[in-house]
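The values are calculated or read from the model by the stated rules, or taken from the named source; none is laboratory data. Just so we're clear, the structure is a prediction, and the values are computed from it rather than from any experiment. For neighbour counting, all protein chains shown are included, and Cβ atoms are generated from backbone atoms with ideal geometry for every residue, glycine included. Accessible surface areas use protein heavy atoms only, side chains included; no ligands, DNA or RNA. Shrake-Rupley method; radii C 1.70, N 1.55, O 1.52, S 1.80 Å.
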Amino acid sequence: MIILGNTRSGTSILQRSLSRHPDLVGWYEPRTLWQVADPGRRHDEYDAGDATPRVQRYVRRRFLRFQEEHGGSTVVEKTPANILRVPYVREIFPDATYLAIVRDPFAFLSSVERKWQKPVTARGAWRRLGETPPTQVHHYARKYARQLWDKHVSGSEYLSVWGPRYRGIQDDLRHHDQLTVIARQWAIPSRLAAEALAAFPDDQLLCLRYEDFVQDPIAHLERVTQHCGLEMTDEMATAADRKVDPSRMDKWRRFDPADLARLLPELLPEMQRHRYAVPDEVRAAAVELGVAWDLSTPPTQPVGNVRH
């Protein structure tokens, strides 16, 4: 079972809730495993052609080993960078059950902007290194060392790179401000994922919005378990209810509406795809600034069979 969703978009809530089912086990973000096709690549975009027979065998073997170590339970996996490589993941696991979740871009901006300021912890680095194929250790060790340098030696406010690395992110970091890059970290994966997910049959894919899940976690978890062919347990319902924190949805208001308004050209097409409205204060700021974007454009239809 594969959960597809950008970072800070609710994939952890879904995984933790599902993992309380006795027949399921969660595998927390084996990021370096997915990168086995090209561990030195400077971005996270992979296509179906990257899933060579060698890569498919290796990744499937590692999943099978994890499954066997956990009594044969079905594995629930969620690695946020996979939102940029849906065709690659599907080529490796064509028969898996898929869940996709998306979050409002302004809440995403707030959460991710803070993450850009925090290097991975020693515990997190050790866990990831333990899951890393031996031939890739030097790649990940170099990334971890760079994060420590950025934060503790150079004194930079932000890390050199964090989160989903769309193609060209390094150039954008040189020529654009941080919020613009983070806005593109939301919009570009959303577009690429929507194009790829449109090819999935209805019975293989279920799409959710984080905000809908937070408003009624039990009802939406029931949708998820039905899609996965499972019976929802009391433990799953309790886990979903306890992990939900509706107050997180408004933390984006710490930003000046003008700073968000100038990002609308980056965000609005994908906001319309997922039926996200522009907040009133951001809309007003956009009008005042003369942002060159038509805020009255009707929402686009979801791509293919992708719907919430």
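For the reader, a short list of remarks on this structure follows.
- Residues of region 171-187 that are hydrophobic (A, V, I, L, M, F, W, C) and either touching a Cys at 6+ places or on another chain (Cβ under 9 Å) or open to solvent by less than 40 Å² (accessible area, probe 1.4 Å) (or both): Leu179, Val181, Ile182, Ala183, Trp186, Ala187.
- Note on region 198-210: residues that are surrounded by fewer than 22 Cβ atoms within 10 Å (Cβ to Cβ) and either small (Gly, Ala, Ser) or part of a helix (DSSP H, G or I) (or both) amount to 2.
- Qualifying residue in region 73-83 (condition: more than 23 Å from Asp203 (Cα to Cα) and within 18 Å of the chain's Cα centre (by Cα)): yes
So that you can scan it fast, the table gives a plain yes or no per residue for (1) modelled with pLDDT under 95; (2) surrounded by 21 or more Cβ atoms within 10 Å (Cβ to Cβ); (3) small (Gly, Ala, Ser):
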position	(1), (2), (3)
Gly72	no, no, yes
Leu84	no, yes, no
Val102	no, yes, no
Lys115	yes, no, no
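- For region 162-179, filtering for residues that are among the hydroxyl-bearing types (Ser, Thr, Tyr) and either modelled with pLDDT under 95 or under 14 Å from Leu267 (Cα atoms) (or both) leaves 0.
- So Ala286, is it closer than 25 Å to Gln15 by Cα, modelled with pLDDT under 95 and open to solvent by less than 20 Å² (accessible area, probe 1.4 Å): no
Conditions (1) touching a strand residue (DSSP E or B) at 6+ places or on another chain (Cβ under 9 Å); (2) modelled with pLDDT under 95, marked per residue:
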position	(1), (2)
Thr135	no, yes
Tyr140	no, yes
Trp149	no, yes
Val181	no, no
Ala187	no, no
Leu197	yes, no
Gln215	no, yes
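- Any hit, region 57-64, residues being charged (D, E, K, R) and in contact (Cβ under 8 Å) with a residue 24 or more places away in the chain: yes
Table: residues versus (1) in contact with a strand residue (DSSP E or B) (Cβ under 7 Å, 6 or more places away or on another chain); (2) farther than 27 Å from Pro134 by Cβ; (3) among the basic types (Lys, Arg).
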site: Thr11; (1), (2), (3): yes, yes, no
site: Gly26; (1), (2), (3): yes, no, no
site: Gly40; (1), (2), (3): no, no, no
site: Glu45; (1), (2), (3): no, no, no
site: Leu64; (1), (2), (3): no, no, no
site: Val76; (1), (2), (3): yes, no, no
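- Qualifying residue in region 22-39 (condition: surrounded by 20 or more Cβ atoms within 10 Å (Cβ to Cβ), in contact (Cβ under 8 Å) with a residue 12 or more places away in the chain and acidic (Asp, Glu)): yes
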